[in-house]
Each structure stands twice: as C-alpha cells, then as structure tokens.
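The values are calculated or read from the model by the stated rules, or taken from the named source; none is laboratory data. These figures come from a predicted structure and were not determined experimentally. Cβ sites come from the backbone with ideal geometry, for glycine too, and all protein chains shown count toward neighbours. Surface accessibility is based on the protein's heavy atoms, side chains included, excluding ligands, DNA and RNA. Shrake-Rupley method; radii C 1.70, N 1.55, O 1.52, S 1.80 Å.
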Amino acid sequence: MSRAALDAVLAAEDRTPIEGADPIVSVHEDDDAEYVAALEEYGLGVHELERRGHWHGRWVELDPELEPRARLPRPAICRRRVLEARPLVLRGAVSAKLSDWRNELFAADRALESIGTPAGFEAWIRARLGRGSALRLERVEPGGVDAERDVATAHFVRADGSDGPRPWAKVGRLSTHDGDASLRLRTGFGNEPDDDANPSPPGQRATLSLARALLPELALVNDDKALFAAIDEVSACDEPLGPACPIAYWNRPGGGALFHHDAFEAVEGPDRQFGVLYVQLAGATAWLALSTTQLARRLEQFAAALDEGEVPWLREQLGGTGALEALETLRHDRFALLEELGLPGQGRLGALVNRGPEFTAFLADLGHAAVLRAGDAILLPNNGWRSTALHSVYCASNASNYALSLGLRPRRQVGSARRR
Ligand SMILES: [Fe+2]
C-alpha cells in the first residue's frame, strides 16, 4: 500500500530522471506517514546534504527497480540525450579496476594532506615527477589567478631545455568557506584564462603529459579503451574523443561545487570541448545535473509554483539577491533565460539555483539528482554555452573522497592517451 505514494512521485509524467542513475527523491519533516513508510521500505540510503554551512535537505536513494525508465538506454538514445546536453550516469564504469589501482588511489587520497600549502605542493610535485621526466619544475608561486581560492601554481618547462608549450598545475580550494577543506588540482597550459579554451595540440599534449606524471592513477581512466569507445558511440563529435586538462578533486564533508557548467564561451565549433567525464574513485558525491534547457524549464515551473503560494518565505529570504525579480523578467523570455544560465554563477539567478533545500528538493523530485560511488562516472555533455550540462556537487561520504574530471576533446588535439 505504501508503495503507491512513492510511485506517484517516480511515475510523475514530468519527472525526467538522469538515465543510468539510481532513483532519488527528497524527504521532508512534514511528509505524510505513508510516504515516509514507503521510503523506509524501499530506500537504499539517506543523504543529508550540507554545503558551505548551509543545509540543502535530505535525499533518499531508492532501489533502481522502482524506476525502470531511468536505466541507461541503448546508444542511439544516449546520443540523443547528449545532443540535448542531458547528463548520463555510467554506473560502475571503472569499478572492476579499482582494486588493481588501490596503491595509487591510496596515495592520491593521502595527497590532500600534503598539497594544501605552496611548500607542501612543491615537495609533492618533486616526489611525483622523479628522474627521467620530460618536464622539469621551473617554479612554484603562491596563489594564482583566483586570488581568493588558489593556494599555489606550479610552472613547468621541458627537461631538455627545448621550446614548447608551458604546462602548469595549480592547487586551490573549492570555496572560501571556513568549514570546507575541499581541494582541487587543475592542469592546463599557457596563460589563464586566455588559454583555457585553447585547442592547440602541443599545449593539450604537454598538459596531459604533466597530468600523467603527477596523477598516475589517471591511466585507470585514460587508457580504458572500452570506456572511450562507449563515449565515442554516444558523443556529438564526429571524431574519436580523448581526455584533456585533467582535474583531481578531493571533496570534503560540507564542501562541493555550486551550480556551474564547463563550457567555454569562446569555442563552440568542432574544435571545442565536447563535454566532461567525471569519475568517482573513492567515496561518494551527490549531484544535481541537467541541461541548460531543462534547468530553464524547471525555473519557469518553480516560478509558477511560487505564484501559487508555495514556499512563501522564499521571497523574503532571497529578497536581497534580486534572483526572484530576475526570474520574474526572464521566465517570459526563454532565450534570455538560457543566456543568463550560461553566465558565470548563472548570473542573477545564482542565489536561486543554489537555494536549498527548496529548489534542491524541487529538482531532485523531478529526477535531476544522482549519487556517484567509487567506480561510477557521469558524462556531462557540452554543445556550447547555451546548451550544456549544468551541475552542482555535494560531498556524500565522511571518509576519503577522490575523483578525476577530464575534458573531452577531439583526439587529434590530445594525442594518443592509451599508451602506458
Ligand atoms: Fe564541472
């Protein structure tokens, strides 16, 4: 009997689950007893979402048998989703290999303790590069382009003294919040931010070479022919894709990333980044992920719900941000709404799209949530600035949490990534 209350949410016509993910719904203090009983009976896990000192609600992960339509469809349908910039979860994408890489993953997890200061970062790099590397550490500078969050930036040159693109690696905090110890290590080349979208093959290859030296566990993903063949089968690119500008993430409890996308405004043609593959290698993260078009539609629906008097306190609580006023204007102009969502931090709508638990729960109940565990991956397509997969990340484990994120670019730009 209790199942009916749950089915009413899962089978709602308007729910569009992330395919490949286990179903997730939000749960609230005032939910009726029948619904709570159903969640207890069919729930596989409960996630309390907290990020940067703000509580974003409680999600319950459910038995995947309850939502058959969320299964990963055949490749032709997956490709359609990619063309729509809808995310796909690749459950267990690299699970079978984790045990073979446990030593590297253990070391990667421990790196969090070393790299949080410029001196620690430099010592860690020197230990990782070792002798015989084609790259030499030139210098480590405290800080970086992001003055508030960057801890240190390391610059590299070719060990043989020859000219060539100059890759860099930088470590930075994910936020300035005191309670968030999350770090990330980004790699790139040239000047930030001018070269962030630069497809130059020599630069891309030098960056990948540096990332391989610093993050040996990268080979676990990079050299996975079956994984890249599966990505090529569904991608919007006519050519094979390869990994670009890897980023390592150490998400810590209370941390995570606000809503954002990984598209570069300047490049929308065949040389662009076609998406991002995020691979969870230790611990778990909870996600909201959906296309720009989906988020625009959800915001229009949320505006209508506010009109009907739902969550009346939000007008007062978001009053100083201008977000609801912006939505009131933009809800009647889809193009302008998509433009706004493409802006850094989603422009004037940032305070609303990151608002929990109200908007977070609204999106989760409409199917846009997922939890990734070690071995899982999420594919975040990017078809340009106004059609990309927007995503918001929470830490969903108390212990170690480590992940790699790879840009996906035409393989002719990044070279062969499958040698080892
Ligand atoms: Fe991202």
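Assorted remarks:
- About the Cα centre, charge dipole magnitude for the chain (Lys/Arg +1, Asp/Glu -1 at Cβ), debye: 2240 debye
- Solvent-accessible area, 1.4 Å probe, carbon plus sulfur percent, for the chain: 51 percent
- Charge dipole of the chain about the Cα centre (unit charges at C-beta), most positive-ward option of Ala181, Val234, Tyr35: Val234
- Average accessible surface for the chain: 42 Å² per residue, computed with a 1.4 Å probe over protein heavy atoms with every protein chain in place.
- Among 91-103, 144-156, the order from most to least packed when residues are scored by Cβ within 10 Å on average: 144-156, 91-103
- Based on the reciprocal of the average 1/r between different C-alpha atoms, the Kirkwood radius for region 144-212 equals 12.9 Å.
- Long-range HN-HN contacts of Ala257 with modeled amide H, under 5 Å: Val393, Tyr394
- Leading residue at positive end of dipole, region 45-183 (Cβ point charges), from Leu98, Leu129, Ala169: Leu98
- Solvent-free Debye scattering, log10 I(q)/I(0), computed from the Cα coordinates of region 268-420 at q = 0.13, 0.14, 0.15, 0.17 Å⁻¹: -0.69, -0.78, -0.87, -1.04
- Selected from Arg386, Arg297, Arg252 as most flexible by GNM, with the chain as the system and alpha-carbon contacts under 10 Å: Arg297
- Cα lying deepest toward the dipole's positive end in the chain, options His155, Thr292, Gly347, charges on Cβ: His155
- For the chain: span of alpha carbons on each principal axis (Å, largest first): 69, 44, 43
- Nearest-20 debye value, region 35-162 charge dipole, Cβ charges on Lys, Arg, Asp, Glu: 700 debye
- Cα centroid separation, region 179-237 to region 117-156 (Å): 17 Å
- Label reach from Ser209 (point 7 Å along Cα→C-beta): in region 228-255, amide nitrogens under 18 Å belong to 243-246.
- With all protein chains modelled, accessible area of Leu90 [1.4 Å, Å²]: 30 Å²
- Restricting region 4-60 to GluC sites (Glu not before Pro) that sit in a DSSP loop and have at most 14 other Cβ atoms within 10 Å of their own Cβ leaves Glu13, Glu29.
- The helix-only estimate of mean residue ellipticity at 222 nm for the chain, built from DSSP H runs of length n ≥ 4 each weighted as -39500 (n - 2.57), is -8500 deg cm²/dmol after division by the residue total.
- Value in Å of the Kirkwood radius, where region 62-161 supplies the Cα pairs that are averaged: 18.0 Å
- Taking N as the residue count of region 1-113, its C-alpha radius of gyration divided by 2.2 N^0.38 Å amounts to 1.33.
- Candidates Ile231, Ile24, Ile77, ranked by Gaussian network fluctuation over the chain, Cα under 10 Å, top entry: Ile77
- Asp180 sits among other residues whose Cβ lies under 9 Å from its own Cβ, and their net charge, with Lys and Arg +1 and Asp and Glu -1, is +3.
- In loop segments of region 249-342 as defined by DSSP, the GluC sites (Glu not before Pro) with at most 13 further C-beta atoms inside 10 Å of their C-beta are Glu265, Glu308, Glu310.
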